[in-house]
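Working notes, structure below.
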Amino acid sequence: LKPSGPPLPPAVVEVARVANDPQSIVLHFTSVSYPEDRGSAVSGFVIEWSTTENFRPTTSFNTTLNARSVSSERLPSHDNIGKEFNKFFIENLTPGRKYFVRIAAMNDSGVGPFAPSQPSSITPGAKPSDFDSAIGVTIDALIADSTTSVMESSSSLRVSWRAPASNNGFHISNYLIEYWISD
């Protein structure tokens with residue numbers, strides 16, 4: 001009988017936003033192998049995410065993954081040669097709300113300690129939705145009057161718009177207006 005114990009957590013645990021999906025984040029983590037597996041092969045991972053840093057039961061969610069069901073096309077960095085990367089998508093989150101994520105490995109001896117993600121929290125979201133082309137942007141000529149000179153009126157336009165239908169979780173702080181001069 002060989003001695004064993006619950007495994008150490010993955011050495012690298014990174015969380016990122018998912019492109020074009022304001023309700024999801026992706027967790028990248030390294031596999032756990034000998035000697036970090038503590039003498040018993042890792043059979044799965046427990047992933048927890050929460051809206052609070054202390055992972056209170058009323059604000060936490062979790063899932064258990066079979067070690068054979070996770071993989072990633074990501075290549076290891078020079079610091080992690082020999083480590084295989086895995087990934088897991090956490091979906092149906094609230095855009096604009098901060099989430100904390102952590103992971104633990106498990107083997108026949110039990111669930112090991114949790115490791116927090118880097119960064120320690122992330123807010124899912126995406127760029128605002130596009131303008132509605134039918135009502136989104138209007139361009140008007142400026143009319144010369146007591147506050148607008150004839151010169152200003154002949155060389156200026158007034159641009160107005162409605163905010164996008166969805167900000168996808170983030171406050172809109174700026175608008176970018178582009179224009180070009182035709183030949």
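Values for this structure:
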item: Subset of the range 42-65 that is free of Cβ contacts under 8 Å to residues at least 12 places away in the same chain and outside any helix (DSSP H, G or I) - its residue that is surrounded by the fewest Cβ atoms within 10 Å (Cβ to Cβ); result: Asn54
item: Scan of the range 105-135 for residues that are charged (D, E, K, R) and farther than 30 Å from Leu176 by Cβ, ordered by number; result: Asp108
item: Lone unmet requirement of (1) in contact with a Leu (Cβ under 9 Å, 6 or more places away or on another chain); (2) not in a loop (DSSP other than H, G, I, E, B) for Val32; result: (2)
item: Matching entry among Asp130, Asp108 (being more than 23 Å from the chain's Cα centre (by Cα) and touching a residue at least 12 places away in the same chain (Cβ under 8 Å)); result: Asp108
item: For Gly125: the one exception among (1) in contact with a helix residue (DSSP H, G or I) (Cβ under 8 Å, 6 or more places away or on another chain); (2) under 30 Å from Ser60 (Cβ atoms); result: (1)
item: Qualifying residue in the range 29-41 (condition: in contact with a strand residue (DSSP E or B) (Cβ under 6 Å, 6 or more places away or on another chain), over 24 Å from Ser109 (Cβ atoms) and either open to solvent by less than 80 Å² (accessible area, probe 1.4 Å) or of a type in the set (Asp, Glu) (or both)); result: no
item: Close pairs (8 angstrom Cβ cut-off, 6 or more residues apart or separate chains): over 30 Å from Lys127 (Cβ atoms) in the range 1-20, surrounded by 13 or more Cβ atoms within 10 Å (Cβ to Cβ) and aromatic (Phe, Trp, Tyr) anywhere; result: Pro9/Phe114; Pro10/Phe29; Pro10/Phe45
item: Exclusive hit being at pLDDT 90 or above and either of a type in the set (D, E, K, R) or touching an Asp or Glu at 6+ places or on another chain (Cβ under 6 Å) (or both), set Arg68, Arg74, Arg102; result: Arg102
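The values are calculated or read from the model by the stated rules, or taken from the named source; none is laboratory data. Everything quoted here is computed from the prediction, not taken from an experiment. When we count neighbours, we look across all protein chains shown, and the Cβ atoms used for this are built from the backbone with ideal geometry, even at glycine. Accessible surface is based on the protein model in full, side chains and every heavy atom, while ligands, DNA and RNA are left aside. Shrake-Rupley method; radii C 1.70, N 1.55, O 1.52, S 1.80 Å.
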